[in-house]
1. Filter the stretch 100-144 for residues that are surrounded by 22 or more Cβ atoms within 10 Å (Cβ to Cβ) and touching a helix residue (DSSP H, G or I) at 6+ places or on another chain (Cβ under 6 Å) and give the result.
2. Would you check if Lys297 is farther than 22 Å from Asn244 by Cα and touching a residue at least 24 places away in the same chain (Cβ under 8 Å)?
3. Run down Gly235, Gly187, Gly193 and say which single residue is of a type in the set (Gly, Ala, Ser), more than 23 Å from Asp161 (Cβ to Cβ) and not assigned by TED's automatic domain parsing to the domain that holds Lys322.
4. Go through the stretch 300-314 and give me each residue that's of a type outside the set (Ser, Thr, Tyr), touching a residue at least 40 places away in the same chain (Cβ under 8 Å) and crowded, with 16+ Cβ neighbours inside 10 Å.
5. Can you confirm whether the stretch 241-252 contains a residue that is over 24 Å from Asp119 (Cα atoms) and touching a Ser or Thr at 6+ places or on another chain (Cβ under 9 Å)?
6. Could you grab me the full set of residues in the stretch 318-337 that are without any contact (Cβ under 8 Å) to a residue 24 or more places away in the chain and either farther than 25 Å from Gln275 by Cβ or not in a loop (DSSP other than H, G, I, E, B) (or both)?
7. Could you check Gly214 against (1) surrounded by fewer than 21 Cβ atoms within 10 Å (Cβ to Cβ); (2) more than 18 Å from Asn268 (Cβ to Cβ) and say which number it fails?
8. Kindly check whether there is at least one residue in the stretch 28-37 that is in contact (Cβ under 8 Å) with a residue 40 or more places away in the chain, buried (at least 19 other Cβ atoms within 10 Å of the Cβ) and of a type in the set (S, T, N, Q).
Amino acid sequence: MKTTEFNKKHKELGAKMVEFVGFEMPVEYFGINDEHINIRENVGVFDVSHMGEIWVKGPNAYNFVQKVTSNDISKISVGEAQYSCFPNNIGGIVDDLIVYYYEPEKYLLVVNASNIEKDWDWLVKQNSENAELENASDNISQLAVQGPNAEKVLQKLTDIDLSKIKFYTFVTGEIAGVKDVIISATGYTGAGGFELYMYNNDAEKIWDAVFDAGKEFNIKPAGLAARDTLRLEMGYCLYGNDINDNSSPIEAGLGWITKFNESNNFINRKQLEDQKLTGVDKRLRGFEMIDRGIPRKDYEIYDSENNLIGNVTSGTMSPMLKKGIGMGYINKGSWNFDNEIYIKVRKKMLKAKIVKLPFYKA
C-alpha cells in the first residue's frame, strides 16, 4: 500500500487505518459522529493527499481543458476554480474534478484518488492538442482544514488575508513559513474552510503548524468516514457511488456543470445536449427516511404499489439531522419532490420521501 506523508501522524494519534484505493488511510480517530460534528461546529483536518493532481500547460492548454471537461473554463479567471467532469464517449462520466486556473496557459486538474491512472490514460489518449501534461500526484500533499473556525486557525500562519479567498477561488503564497502553498476554498464538506496543497517535503511542517495554531480551538483530525457523511449531508456526489462511467451528468443532476455554450465543444456534447432537450429516464435524487432505518448503497427503491423504481447510491445516518438520508437513481414518473418511496432494508420496506438537496442547511 502507498502511504501519505502524514501516515506517521495518523498512527501516533491512534487513527483506525484502512486500505483505500491503494493507500493506507485513516477512516476514523475518535468516532465518526464526533468528528463530523466538530467540523460542522468548530474545525477539523483531513489528510486528502491521496487525491490526484495533473498539470496542463502550454499554449494549447485552454483548448485541451475546454475539450475534455463539461463546464466552460472561459468563465473563470486566474485564481478561480471550477467544478466539472470528464464526459466519456458513451454518455457517462470518466471522473468529476476541480479545474484550477493557476496562471495563463497553466491549469491544475484535481481528480479522485480512485481514478488517477484512469484519468491520466484518458487525458493522454484525448490529447490531440499536444498540451503539456504532468502527473504530479506523487509529489503533492493536501490537507483540508474545514469548519467555521478554519479561517481563524490558518490566519495565524499567514499574512495573506484569507477572508478574501471566496468560495471556489485560491491563492498561492506562504503559510507556516512555507512558500508556494496553494490555499483554496473548494471544500467537500459544506462547512467552510480551506485546502492546502504543498510539496511532500513541507507536509509535516505544515501539519504541525496547523495543529499548533488550532490548539485554542481544540482542533481535531478527521477520517474518511466523516468526510463521507459530511459530503452526503450536502448532497455532493461521490464517484463510484453516485456517478460513474454509465451515469450521465444530466441524469446525476449535474446539468449546471454541463455547459452547451457556443465556444464549448466538449467530448460527447451532442449526446448530452440531446439528453437535456429530450429528458432522461432516471434522475439522481435525495431522500430522507420517515421510518427508522439506515439506507445503504445498492438497496432497492420501491413506490407505494411495490414497483421497483430505483436503487440507492449513497446512504447514512445523518449526524446533524439524526435521521437516515440517502441518494439514488429513481425512474421517470416517480422522482417528484415529496413523493413517498420505500427503501428495502433487508426484508423490510421502510418509508422515505424525496427531498431537495442539500439535506443539511447551516
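1. Tyr107, Val111, Ala131, Ser141
2. No.
3. Gly235
4. Ile301
5. no
6. Lys322
7. Gly214 satisfies all of (1) surrounded by fewer than 21 Cβ atoms within 10 Å (Cβ to Cβ); (2) more than 18 Å from Asn268 (Cβ to Cβ) except (1).
8. no
The values are calculated or read from the model by the stated rules, or taken from the named source; none is laboratory data. Everything numeric here is computed off the predicted structure, so don't read it as measured data. Every residue, glycine among them, receives a Cβ derived from its backbone with ideal geometry; neighbour counts consider all protein chains shown.
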